[in-house]
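Please read the structure below before turning to the comments.
Read the figures in this text as sums done on the coordinates, not as results from a lab. Just so it is clear, the structure is predicted and the values come from calculations on it, not from any experiment. Here the Cβ positions follow ideal geometry from the backbone for every residue, glycine too, while neighbour counts run over all protein chains shown.
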Amino acid sequence: MHSALLHRISARPDGPLDITWLAAETPQLPLGRIRLRWEPTSRSGWDVTTYLGLTTAEVLLGS
């Protein structure tokens, strides 16, 4: 697994995230859902990218 479908974010800064783990071959996101995808970097960190599912495509929100 290298990505997660975000369902709910707590209003509290230390609150939980409700997620579903996604496999690499998961098809396009459902409408209005957010996908978090991460990859390790060469300096022992992580690159995290966020996508939003729209009607016809996924849109990059940030990286």
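How big is D for the chain, in µm² s⁻¹ as a whole number, if Stokes-Einstein is applied with the Kirkwood radius of its Cα pairs at 4 °C and 1.567 mPa s? Let's see the in-between values first.
Details: Rh = 12.6 Å.
Estimated via Stokes-Einstein, D reaches 103 µm²/s.
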Q: Measure off 7 Å from each Cα along the Cα-to-Cβ vector at Asp47 and Asp14, then give the distance between these two points in nanometres to one decimal.
A: 3.4
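Please compute the net charge surrounding Asp47, taking Lys and Arg as +1 and Asp and Glu as -1 over other residues with Cβ under 12 Å from its Cβ.
Numbers: positive: Arg37, Arg43; negative: Glu39.
Its environment carries a net charge of +1.
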Q: Would you mind telling me which residue in Trp46, Trp38, Trp21 has the biggest mean-square fluctuation in a Gaussian network model of the chain, where springs connect alpha carbons within a distance under 10 angstrom?
A: Trp46
Q) So, in nm, how far is label His7 from label Leu60 when the simple model puts each one 7 Å beyond its Cα toward the Cβ? A) 2.9
Q) Given H placed on each backbone N at 1.01 Å, which residues far from Leu22 in sequence or on other chains put an amide H within less than 5 Å of it? A) His2, Ser3, Ala4, Leu5
Q: Give a residue-ordered list of calculated ³J(HN,Hα) values for segment 54-61 (Karplus: 6.51 cos²θ - 1.76 cosθ + 1.60, θ = phi - 60°; whole Hz; x for Gly, Pro).
A: 10, 4, 10, 6, 9, 10, 6, 8
